[in-house]
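The block underneath contains the structure these notes are about, expressed in structure tokens.
The values are calculated or read from the model by the stated rules, or taken from the named source; none is laboratory data. Note that the structure is predicted; figures quoted are calculated from it, not measured. With ideal geometry, Cβ positions are generated from the backbone for all residues, glycine too; neighbour counts draw on all protein chains shown. Please note that ligands, DNA and RNA were not included when accessible areas were found on the heavy atoms of the full protein model with its side chains. Shrake-Rupley method; radii C 1.70, N 1.55, O 1.52, S 1.80 Å.
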Amino acid sequence: MIVIMEHDATSEQVDKVVKFIEKQNLKVQINNGETLKVIAVIGDKCNFNPNLLASLDGVREVQKIQEPYKLVSRISHPKDTIVKFPNGVKIGGLEKPVLIVGPCTVEQDIEGLLKVAYAAKEMGCHFLRGGAFKPRTSPYDFQGLEEKGLQYLAQAREKTGLLVVTEVMDTMDIALISKYADLLQVGARNMQNFKLLKALGRQKKPVLLKRGPAATIKEFLLAAEYILSSGNPNVILCERGVKTYDTQFSRNILDVAAVSIIRKYSHLPIIVDPSHATGKKYLIEPMSKASLVAGAHGVMIEVHHNPDIAMCDGAQSLSVEQFKNTAKVLNKLIGRIDYDNKNL
Ligand code: PEP
Ligand code: MN
């Protein structure tokens, strides 16, 4: 809350306002502007009627400036949230950014999934992604292997030690998916499925919340607020591009600035998915680099053992070889692995 004083307010009137605020166990910060004096009210609970303050002599206006996303806001929680996983992997703050890779969807060919998982492990990644419950634009497209897909992911984890990220579309599936996944993904289309967000807030697994295709940053943060306010503080945000009218060159438009904006206004970790943001293989590496430079805590990239025959999103999926080359570049940028000194 800020109190804007009239331009001719006397110092006695200012003192009275300050005393009023301090009596409520709140602190003040006085900013002397060129024409107006502004008094900022500092404290997390304002248990008084702001109209009382507005009615004091010399007060021109009282403005509430508290952001609507209270729990995800950096104002309420200045320190970065770091989401911790069972094997010591951490996402957020000053931790090294993570790489999350895997196919768009888990397919029948588990050998293909394992090929990607082994490559991911070899390149120092920590997470394997893959949809078992798929949100598809058309009801006639492949909808995912469901529990069988989850079992494949769990097998890949057993063999490689990679953590598993997979999407949950419905509150009814949370219990089943939680049995297999380490990080529960909310897809872009479900960013404002408030029942799902609340239910994910009532369980303990960390949540990866993707930005809706047409969501503003405020709506994105408010969606995260649903999860936090329902009891789960372990939320990782994911920028995945928003709708663009120019679909000729890019599937969506990657909002790289959103990464830096979110890091400024929220304490939650934020990663980037350049695959869905661009839909183009050649853009994955430069957009991953841009995202990491902007402050992303990780990138999530679609990789398929044979993109030409992928059931979903083959055009944007890197092959294993392409992924390895990109991972080398990103690892070097992150500073996780210095290939020049060969201290792998
Ligand atoms: C995905 O990551 O599998 C996916 C479907 O992406 P999005 O929800 O961002 O479209
Ligand atoms: Mn996909």
Next item on the list: Would you point out the residue of the range 132-151, among those that are of a type in the set (A, V, I, L, M, F, W, C) and in a loop (DSSP other than H, G, I, E, B), that is least open to solvent (accessible area, probe 1.4 Å)?
Entry: ALA132
Check: Pick from PRO213, PRO307: which is within 16 Å of ligand 1 (Cβ to nearest atom), touching a strand residue (DSSP E or B) at 6+ places or on another chain (Cβ under 9 Å) and open to solvent by 30 Å² or more (accessible area, probe 1.4 Å)?
Finding: PRO213
Check: Residues of the range 29-41 being open to solvent by 80 Å² or more (accessible area, probe 1.4 Å) and in contact with a strand residue (DSSP E or B) (Cβ under 9 Å, 6 or more places away or on another chain), which ones?
Finding: GLN29, ASN32
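What number of residues within the range 76-91 are in a loop (DSSP other than H, G, I, E, B) and within 16 Å of ALA181 (Cβ to Cβ)? If you could, list the steps in order and put the result at the bottom.
Step one: filter the range 76-91 for residues in a loop (DSSP other than H, G, I, E, B), giving 76-82, 85-89.
After this cut, where a residue has to be within 16 Å of ALA181 (Cβ to Cβ) as well, the list is 85-87, 89.
Selection size over the range 76-91: 4.
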Check: How many of the residues in the range 93-122 are touching a Gly at 6+ places or on another chain (Cβ under 9 Å) and crowded, with 19+ Cβ neighbours inside 10 Å?
Finding: 14
Check: Do you know which of the residues in the range 17-61 that are within 18 Å of ILE75 (Cβ to Cβ), of a type in the set (Val, Ile, Thr) and part of a strand (DSSP E or B) is modelled with the lowest pLDDT?
Finding: ILE42
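Residue-by-condition table, conditions (1) of a type outside the set (A, V, I, L, M); (2) more than 16 Å from ligand 1 (Cβ to nearest atom); (3) surrounded by fewer than 16 Cβ atoms within 10 Å (Cβ to Cβ):
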{"position": "LEU153", "(1), (2), (3)": "no, no, no"}
{"position": "ARG157", "(1), (2), (3)": "yes, yes, no"}
{"position": "ALA175", "(1), (2), (3)": "no, yes, yes"}
{"position": "GLY187", "(1), (2), (3)": "yes, no, no"}
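Residues being closer than 25 Å to GLY88 by Cα and either of a type in the set (Lys, Arg) or outside the structural domain of PHE323 (by TED's automatic domain parsing) (or both): count how many of those fall in the range 113-139. So that I can check it myself, show each step before the final result.
As a first pass, look at the range 113-139 and keep what is closer than 25 Å to GLY88 by Cα: 113-131.
Okay, now just the ones that are also either of a type in the set (Lys, Arg) or outside the structural domain of PHE323 (by TED's automatic domain parsing) (or both), so 115, 121, 129.
So the answer is 3.
Looking at this structure, is ASP273 surrounded by fewer than 24 Cβ atoms within 10 Å (Cβ to Cβ) and either touching a residue at least 12 places away in the same chain (Cβ under 8 Å) or away from ligand 1 (no atom under 16 Å from the Cβ) (or both)?
Details: surrounded by fewer than 24 Cβ atoms within 10 Å (Cβ to Cβ): no; either touching a residue at least 12 places away in the same chain (Cβ under 8 Å) or away from ligand 1 (no atom under 16 Å from the Cβ) (or both): yes.
Spelling it out, it is not the case that ASP273 is surrounded by fewer than 24 Cβ atoms within 10 Å (Cβ to Cβ) and either touching a residue at least 12 places away in the same chain (Cβ under 8 Å) or away from ligand 1 (no atom under 16 Å from the Cβ) (or both).
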Next item on the list: Tell me which of these PHE249 doesn't satisfy, since it passes every other one: (1) loosely packed, with under 15 Cβ neighbours inside 10 Å; (2) touching a strand residue (DSSP E or B) at 6+ places or on another chain (Cβ under 7 Å).
Entry: (2)
Next item on the list: Scan (1) within 14 Å of ligand 1 (Cβ to nearest atom); (2) touching an Asp or Glu at 6+ places or on another chain (Cβ under 8 Å); (3) not charged (D, E, K, R) for the single condition GLY298 breaks and write down its number.
Entry: (2)
Check: Going by the conditions given, is GLU95 outside any strand (DSSP E or B), within 18 Å of the chain's Cα centre (by Cα) and in contact (Cβ under 8 Å) with a residue 24 or more places away in the chain?
Finding: yes
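Kindly state which helices (runs of 4 or more DSSP H) lie completely within the range 185-279 and contain at least 1 residues that are within 16 Å of ligand 2 (Cβ to nearest atom) and over 21 Å from VAL164 (Cα atoms).
Working: elements: 194-201, 217-229, 256-265, 274-278.
Result: 274-278.
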Next item on the list: From the list ARG136, ARG74, pick out the single residue that is within 23 Å of CYS238 (Cβ to Cβ) and in contact with a His (Cβ under 7 Å, 6 or more places away or on another chain).
Entry: ARG74
